[in-house]
Amino acid sequence: MSAGGLSKTRLGRMHDVMAGHVERGAVPGLVTLVSRRGEVHVDAIGMKAAGGSDPMRRDTLFRIASVTKPVTAAAAMILVEECKRRLDEPVDRLLPELANRKVLRRLDSPLDDTVPAKRPITLRDLLTFRLGLGAVMAPPDTYPVQKAMAEAGVAPGPNLPSHGPDEMMKRFGSLPLLHQPGEKWMYHSGSTYWAC
């Protein structure tokens, strides 16, 4: 462990894992940054574009979307690191709207054709988008739950919701889950719920 708190062994492992993503072609390149107790480590790996020759640099600019997701995830992980939250603790106490969930039997089920969730939703579920709720990749109104999400004003789409955090959580809480917590990844706003 160095004086600032960054272990060369851990940084080496992180580099190897990130370089593996580049080598497998998952991304053409990436930049990682770790800052701990005043020590900063930056690692630029790969190229700016697939098949390109312009290398990734420390100051490479990136376009990112859904900025609240990584910011909220980083904040949550700070709380985990400080032992103020645990990844596998239920979020029921902090987000009561997500407690005692019901899960649709099938995606095409009517909204009242549900079973109880097998377990509570955890912080890990929120951060990994496996809470059981998310975007249904089908044309709008294909399934009853899509219509319910639209009516509740929480359907995925290009427009930001106009509801405050408490109202958003109330609306999400009124819907059944599409999958059991932890069972399936679905893109949506899982980590943003934590911010609410």
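For Ser189, all conditions in the list (1) surrounded by 14 or more Cβ atoms within 10 Å (Cβ to Cβ); (2) of a type outside the set (Phe, Trp, Tyr); (3) at pLDDT 85 or above hold save one; what is the number of the exception?
Every condition holds for Ser189 apart from (3).
For region 52-73, what are the residues that are assigned to a helix (DSSP H, G or I) and either surrounded by fewer than 11 Cβ atoms within 10 Å (Cβ to Cβ) or not aliphatic (A, V, I, L, M) (or both)?
Within region 52-73, Thr68, Lys69, Pro70, Thr72 meet the criteria.
Within region 94-120, track down each residue that is among the β-branched types (Val, Ile, Thr) and either within 19 Å of Val136 (Cα to Cα) or not assigned by TED's automatic domain parsing to the domain that holds Met169 (or both).
Answer for region 94-120, where residues must be among the β-branched types (Val, Ile, Thr) and either within 19 Å of Val136 (Cα to Cα) or not assigned by TED's automatic domain parsing to the domain that holds Met169 (or both): Val103, Thr114.
Mind listing just one residue for me: the one in region 78-95 that is in a helix (DSSP H, G or I) and free of Cβ contacts under 8 Å to residues at least 40 places away in the same chain and, of those, surrounded by the most Cβ atoms within 10 Å (Cβ to Cβ)?
Of everything passing the filter in region 78-95, Leu79 is surrounded by the most Cβ atoms within 10 Å (Cβ to Cβ).
Going through region 135-182 one residue at a time, which ones are more than 21 Å from Lys102 (Cα to Cα) and among the small types (Gly, Ala, Ser)?
Ala138, Gly157, Ser162, Gly164
Under the condition of being under 18 Å from Ile78 (Cα atoms), surrounded by 11 or more Cβ atoms within 10 Å (Cβ to Cβ) and touching a residue at least 24 places away in the same chain (Cβ under 8 Å), which residue from region 15-51 is nearest to the chain's Cα centre (by Cα)?
Among residues in region 15-51 that are under 18 Å from Ile78 (Cα atoms), surrounded by 11 or more Cβ atoms within 10 Å (Cβ to Cβ) and touching a residue at least 24 places away in the same chain (Cβ under 8 Å), the one nearest to the chain's Cα centre (by Cα) is Val34.
Quick one: is Pro120 in a loop (DSSP other than H, G, I, E, B) and modelled with pLDDT under 95?
no
Only residues that are within 19 Å of the chain's Cα centre (by Cα) and either assigned to a loop (DSSP other than H, G, I, E, B) or surrounded by fewer than 17 Cβ atoms within 10 Å (Cβ to Cβ) (or both): list them for region 123-149, please.
Once the filter is applied, which keeps residues that are within 19 Å of the chain's Cα centre (by Cα) and either assigned to a loop (DSSP other than H, G, I, E, B) or surrounded by fewer than 17 Cβ atoms within 10 Å (Cβ to Cβ) (or both), region 123-149 yields Thr128, Phe129, Arg130, Leu131, Gly132, Leu133, Gly134, Ala135, Val136, Met137.
The values are calculated or read from the model by the stated rules, or taken from the named source; none is laboratory data. Bear in mind that the values here come from a model prediction, so they are computed numbers and not experimental data. Reconstructed Cβ throughout: ideal geometry from the backbone, glycine too, with neighbour counts over all protein chains shown.
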